[in-house]
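Please treat every number below as a calculation from the coordinates, not as lab data. Being a predicted model, the structure only gives us computed values, none of them experimental. Backbone-built Cβ (ideal geometry, glycine too); neighbour counts: all protein chains shown.
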Amino acid sequence: MNVILQNVIFPVNMDPDVLPLYADPDTWTMVAHKPVKLTSLASIDNVLSRHSTKITSGKRVSYATYFNAFPASYWQRWTILKTVTLNINLSGTGTVIVYRSNAAGAQQKVSSKVVAGDNREFNFELPLNNFSDGGWYWFDLIANDQDLILNRASWQTTQASVKKGKISLGMCTFNKSDYCINTLKNIAADKNLTVVIDKILLVDQGTKKVQDEAEFPAVAKQLGSQLRVINQGNLGGSGGYSRAMAETLKLPDTDFLLLLDDDIEFETESALRALQFGRYSREPLIVGGHMFDLHDKPVLHAWAEAVDRKHFIWGPTFVEQHRHNFSVANLRLTPWMHSRLDAEYNGWWMCMIPKQVIADVGLSLPVFIKWDDAEYGLRAAQHGYRTVSMPGVALWHMSWLDKDDTQDWQAYFHTRNRIIAGLIHSPRPKGGRMLQNSYRQDLKKLLNMQYYAVQLSVNALRDVLAGPAHLHEGIDKAMPRARELAKKYSETKVWKPEDEKTPVAAQKRALPIVKTHEDYKKNTVRKATKYPKGPALAVFTLKNVVAHLMRDTSRDEHPEMEFAKIDALWWTVPNYSSVIVGSADGSGKMVYRHNKKHFRRLWIQSYLLTREIDKRWDTLAQQYREALTDITSPEAWQQTFESTQPQESEVKQ
């Protein structure tokens, strides 16, 4: 019996921006080590259906693309498969050519066949034995004197899988009901996916309920008993996903749980691919999906992520991965993309976890948001379970470009959860340079007059010292407390153009608008390179700390300078006692004012609390590590679910 591992697919919404992820619409060359587009070969108008497309007479189109090439190195490394078969059905006249690449990205021709006639079916059996370090398979289609139609194609196997159970989907949402409805509609429309779904566990933690949307009854009827809506108090992502994990453990027909964020656009084929990869894996694997930018769809967030042990901070394994744009450089012209890149964790915007892993490792750390996914990947690895960020498995998610959550209420969770994760998992004495880096971040924000963010960090440091018991006890209270605190700090106020008597409108003179980069002054690309380093950084810090401690701002009536958000850099803002700064989302302006009392108090508190954690590191680490199994257990989480539940906690369809 032939089992489809990966369908060749095309965008059904006819969005030309995403076409480079499905079919390579252009020919490219390299000039001065940069990709240059030569000729346009394909159009979104050539897409005939979800699985079918047209190659215009005389044209050649490659399917060496993110969604349609086959990531052979990942299948060789992690699964039991020894071969894969490309099955392809074509009509018209032309040629199909199969290629492979090696880990360096070098292209090699494997096989080719001539096409003549309608519904001609071809099978290419391809070995999975020379891809230990990297490499892909793909195919090109060349049309002769008439159009060539790709009726369908898929990557298949006849081998039996290790696991055969179904997949359940765990969706966590807070007031993103419109996104959730669209995701449910996409799932319901994909019959190949619904046949392998056991349950859709929609954990609704918001006040704007998904069930209240006008389109909900129709989509609920389509999904029937597969859809289960669970209403609970707002426990953040860690609470929502832990609820889905806990419910999955009770489902006898489910082998895998796919976690999905709410503000996404879902490529449903990705769920099928993740499931098949999990079913054929030699051992249970966490299979993560990549994240593309919902507002710039050819742009990939990162390929593989890890936690840097020196500073204990997450990020891509190397910088070139960050925000790769497939419309600028395709798969064939990106050599690093042909290497197999191993991840330590995967973001929970899309991440499939085997039920066996949940049973062995436990549920999420009860931290509301931030670091829950990274900590889980590290914890799973300690239990012997690896994470694979799988090429060809992806969705589109809201970008972080128009946000700065290190300055809003989430700053509390960034600080607290990073240190807790370090206490549990850092292999270095006292967490390496993590505490030093955390303190420096606080000082940097203080010099930039971001007192609210530092107050949250100080609160987070206190709660770390309080020990692991506070995590479950305060999981539904930490976020409201953090947001309430913003009222005490004037820099959190975003002034809109229509607001009367704003600090901006009250200016009696036009402020200079700072352009900090020489390149920008010359109307070229901005490059933030002129910042202090090494000894210069030490001098800069000392000078500005003294200035902020001594500065008299009692007579300051108006801000001295206005900055665009991109120009409000940490080494320029401290030179002023009051500035206007654009908000990250572009909705208005904020006023940062120097406050000597805030600066002195928060600087001392941050220093002393950081020093206290450093002194007590070994004791705290032991406390958190010993408590880990208990606080991540289904039993502990069940008590939290029950203590924060609305009266009607669950609705079954």
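In order along segment 589-595, the Karplus-derived 3J(HN,Hα) couplings, from 6.51 cos²θ - 1.76 cosθ + 1.60 at θ = phi - 60°, round to 10, 10, 10, 9, 10, 5, 9 Hz, and Gly and Pro are given as x. Taking θ as phi - 60° and the Karplus parameters 6.51, -1.76 and 1.60, the scalar couplings of segment 296-312 work out to 8, 5, x, 9, 9, 5, 6, 8, 9, 10, 8, 9, 5, 6, 5, 10, 6 Hz in sequence order, x denoting glycine and proline.
Counting 0.36 nm for each residue step from THR83 to SER633 and taking away their Cα separation leaves a gain of 194.0 nm. Most simply put, segment 63-200 has about 95% antiparallel DSSP beta bridges, counting only bridges with both residues inside it. Between ILE313 and ASP308, the built amide H atoms are under 5 Å apart, and every one of these is 5 or more places off in sequence or on another chain.
Loop-resident chymotrypsin sites (Phe, Trp or Tyr not before Pro) (DSSP state other than H, G, I, E or B) in segment 286-370 with no more than 14 further Cβ atoms inside 10 Å of their Cβ: PHE318.
Here's how it looks for THR83: its modeled amide H is under 5 Å from those of LEU128, which are all 5 or more places away or on a different chain. With neighbour counts taken as other beta-carbon atoms within 10 Å, the residues HIS472, HIS338 rank, fewest first, as HIS472, HIS338.
Legend: ranking of residues MET434, MET479 from fewest to most surrounding C-beta atoms inside 10 Å; resulting order MET479, MET434. Compactness of segment 86-179, taken as the C-alpha radius of gyration over 2.2 N^0.38 Å, stands at 1.52.
Available extension along the chain between ASP133 and ARG282 is 51.9 nm, counting 0.36 nm per residue and deducting the alpha carbon span.
All C-alpha to C-alpha distances of the chain, sorted into 20 Å bins beginning at zero, yield P(r) values of 17, 46, 31, 5, 0 percent in whole numbers. FRET efficiency for the TYR531 to SER490 pair, using the beta carbon distance and R₀ = 25 Å, is estimated at 0.40.
Shown is the FRET efficiency for THR158 and LEU249, computed with R0 = 56 Å from the Cβ-Cβ distance and rounded to the nearest 0.05: 0.95. Summing Cβ point charges (Lys, Arg +1; Asp, Glu -1) relative to the Cα centre of segment 398-462 gives a dipole of roughly 420 debye. For segment 173-257, the direction-averaged projected area of the alpha-carbon convex hull comes to 5.3 nm².
For the residue pairs LYS166/LYS209; LYS310/LYS355; LYS176/LYS589; LYS176/LYS403, alpha carbon separations beyond 23 Å are given by LYS166/LYS209; LYS310/LYS355; LYS176/LYS589. Between PHE67, HIS472, ILE88, the Cα set farthest toward the positive side of the dipole of the chain (charges on each charged residue's Cβ, about the Cα centre) is that of HIS472. Close amide H pairs (under 5 Å, H built 1.01 Å from N) link GLY170 with LEU201, LEU258, LEU259, LEU260, residues at least 5 positions away or on another chain. Simple spin-label estimate for LEU542 and HIS322 gives 3.0 nm between the two label positions (7 Å along the Cα-to-Cβ direction from each Cα).
As a rough footprinting exposure proxy, the listed residues ARG616, ARG386 were ranked by other beta carbons within 10 Å of their own, and the order from fewest upward is ARG616, ARG386.
Rounded to the nearest 0.05, the FRET efficiency derived from the C-beta distance between GLU215 and ASP404 at R0 = 41 Å is 0.80.
Modelled spin labels at ASP499 and GLN382, positioned 7 Å past Cα toward Cβ, are 4.5 nm from each other.
By DSSP, the beta bridges lying fully in the chain are antiparallel in about 75 percent of cases. Panel note: the C-alpha atoms of segment 66-137, placed on their principal axes, show extents of 39, 25, 20 Å (largest first). Scalar couplings 3J(HN,Hα) for segment 535-543, obtained by applying the Karplus form with A = 6.51, B = -1.76, C = 1.60 to θ = phi - 60°, are x, 5, 5, 4, 5, 4, 5, 4, 4 Hz; x denotes Gly and Pro. Under a model in which nothing but the beta-carbon of Lys, Arg (+1) and Asp, Glu (-1) is charged, segment 44-166 shows a dipole of about 480 debye around its Cα centre. Straightening the chain between LYS477 and ARG600 buys 41.5 nm, computed as 0.36 nm per residue apart minus the Cα-Cα spacing.
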